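All remarks here apply to the structure that follows.
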């Protein structure tokens with residue numbers, strides 16, 4: 001696993017590493033974030049929206065649908081399941097330094113749909129950049145979800161005045177590297193700090 005330097009303020013955390021601490025709970029319940037309609041290439045109706053605390057259970061189910069290779073690519077080590085505590089932290093990020101978005105099945109008016117894709121970023125104020133992480137349900141790959149999520153992260157970065165979105169990618173994750181080259185953002189792929197890891201950079205200026 002790559003090691004990432006902390007900012008001078010100590011606020012930076014990795015997007016690939018699970019967060020270690022959770023901020024205090026807010027007493028008042030949060031409104032359900034509004035989403036953007038998204039149509040998969042095969043016609044399935046989906047919604048792209050910010051993640052919310054109520055997504056924890058769906059996030060655990062989404063994790064179980066990932067292949068072992070996807071889990072390794074997302075977290076840089078193998079995990080059998082997403083614990084309740086970790087899912088709760090991932091679904092309730094600190095908005096000051098983190099943004100996370102999910103693609104879910106279109107809501108039919110009952111309960112929120114299953115999570116089909118998830119992407120997040122962690123801000124490093126010292127470099128005016130953010131690190132990203134992304135995972136897509138195996139049954140929804142090549143359906144445009146990854147592109148939609150990454151462009152949403154790029155939009156969020158620009159709204160915060162950040163100039164770069166970057167991520168460390170395993171060198172044998174050819175699908176992600178090919179995706180980065182064809183995303184539509186100005187990308188650079190370079191050697192990372194550790195063997196077997198490359199860094200993908202998207203310029204946002």
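The values are calculated or read from the model by the stated rules, or taken from the named source; none is laboratory data. Being a predicted model, the structure only gives us computed values, none of them experimental. Glycine also receives a Cβ, built like all others from the backbone with ideal geometry; neighbour counts cover every protein chain displayed.
Do we have residue 123 as in contact with a helix residue (DSSP H, G or I) (Cβ under 9 Å, 6 or more places away or on another chain) and either closer than 14 Å to residue 73 by Cα or touching a residue at least 60 places away in the same chain (Cβ under 8 Å) (or both) here? Here the answer is yes, as residue 123 does meet what is asked. Report whether or not residue 106 is surrounded by 11 or more Cβ atoms within 10 Å (Cβ to Cβ), under 20 Å from residue 169 (Cα atoms) and at pLDDT 70 or above. No. Residues that are surrounded by fewer than 15 Cβ atoms within 10 Å (Cβ to Cβ) and in contact (Cβ under 8 Å) with a residue 60 or more places away in the chain do occur in segment 140-150, at least one of them. Applying the criterion of being at pLDDT below 90 and outside any helix (DSSP H, G or I) to the residues of segment 62-80, the residue that is nearest to residue 198 (Cα to Cα) is 76.
Within segment 170-184, is there a residue that is under 20 Å from residue 197 (Cβ atoms) and assigned to a strand (DSSP E or B)? Yes, there is a match, as at least one residue in segment 170-184 is under 20 Å from residue 197 (Cβ atoms) and assigned to a strand (DSSP E or B).
Per the listing 162, 204, the residue uniquely touching a residue at least 12 places away in the same chain (Cβ under 8 Å) and over 25 Å from residue 52 (Cα atoms) is 204.
Selection of segment 186-201 for residues being within 30 Å of residue 45 (Cα to Cα) and either surrounded by fewer than 16 Cβ atoms within 10 Å (Cβ to Cβ) or at pLDDT 95 or above (or both) yields only 186.
Condition (residue is in contact with a strand residue (DSSP E or B) (Cβ under 6 Å, 6 or more places away or on another chain), closer than 25 Å to residue 177 by Cα and modelled with pLDDT under 95) applied to segment 81-101: is it met by at least one residue? Spell out how you get there, then give the answer.
The initial filter retains those residues of segment 81-101 that are in contact with a strand residue (DSSP E or B) (Cβ under 6 Å, 6 or more places away or on another chain), namely 93, 97-101.
From what's left, closer than 25 Å to residue 177 by Cα: 98-101.
Among the residues that remain, those that are also modelled with pLDDT under 95 are: none.
Scanning segment 81-101 turns up no residue that is in contact with a strand residue (DSSP E or B) (Cβ under 6 Å, 6 or more places away or on another chain), closer than 25 Å to residue 177 by Cα and modelled with pLDDT under 95.
Collect the residues in segment 131-167 that are farther than 24 Å from residue 62 by Cα and in contact with a helix residue (DSSP H, G or I) (Cβ under 6 Å, 6 or more places away or on another chain), keeping them in residue-number order. Result: 165, single match.
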